[in-house]
Amino acid sequence: MTKIDFSFSGGYANIKGSFKEDLKKLPNNISKEISELLESSKIFDPDFKLKKTSFFPPDIFSYTLIISKEGEKKELSFNDVMIPETLQPLIARLRELALDEKYRRKK
């Protein structure tokens with residue numbers, strides 16, 4: 001069982017979004033896609049690290065990502081500048097899903 005709790009905010013328009021879900025409750029194609037992105041992100045690898053920086057341009061996005069998977073839990077807080085390449089595809093997809101959730105709630 002894998003649970004994801006993702007939120008972000010920032011940008012020029014101070015956009016906010018969140019996505020919180022158990023992968024088992026998602027459609028199979030989305031669950032499989034997120035599982036593959038999670039695996040390729042190497043987030044649970046012992047040597048996984050966010051980029052260190054002292055450069056924080058204005059209006060960047062800030063993120064919080066909590067993943068619970070098979071008894072392991074990973075909590076990260078970071079911004080656009082700190083995202084390692086391996087994590088970028090997962091964050092991009094979770095942002096899409098978060099914005100989709102936000103849109104559906106407005107209808």
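Descriptive notes on the structure:
- Test: residue in the range 68-88 that is assigned to a loop (DSSP other than H, G, I, E, B), modelled with pLDDT under 90 and loosely packed, with under 14 Cβ neighbours inside 10 Å: yes
- Looking across the range 44-65, the residues that are β-branched (Val, Ile, Thr) and within 9 Å of residue 81 (Cα to Cα) come down to 53, 60.
- Residue 101 modelled with pLDDT under 90, farther than 16 Å from residue 10 by Cβ and surrounded by 14 or more Cβ atoms within 10 Å (Cβ to Cβ): yes
- Qualifying residue in the range 66-86 (condition: among the aliphatic types (A, V, I, L, M), touching a residue at least 60 places away in the same chain (Cβ under 8 Å) and closer than 25 Å to residue 10 by Cα): yes
- Members of the range 19-55 found to be in a loop (DSSP other than H, G, I, E, B) and either free of Cβ contacts under 8 Å to residues at least 12 places away in the same chain or surrounded by 12 or more Cβ atoms within 10 Å (Cβ to Cβ) (or both), listed by number: 26, 27, 42, 43, 44, 45, 46, 47, 48, 50, 51, 54
- Entry remark, the range 1-24: residues being out of contact with any Gly (no Cβ under 9 Å at 6 or more places or on another chain), under 27 Å from residue 39 (Cβ atoms) and among the hydrophobic types (A, V, I, L, M, F, W, C) number 4 in total.
- Residue within the range 39-49 that is closer than 13 Å to residue 2 by Cα and of a type in the set (Asp, Glu) present: yes
The values are calculated or read from the model by the stated rules, or taken from the named source; none is laboratory data. These numbers come from a predicted model, not from an experiment. So basically every Cβ, Gly included, is an ideal-geometry build from the backbone, and we count neighbours across all protein chains shown.
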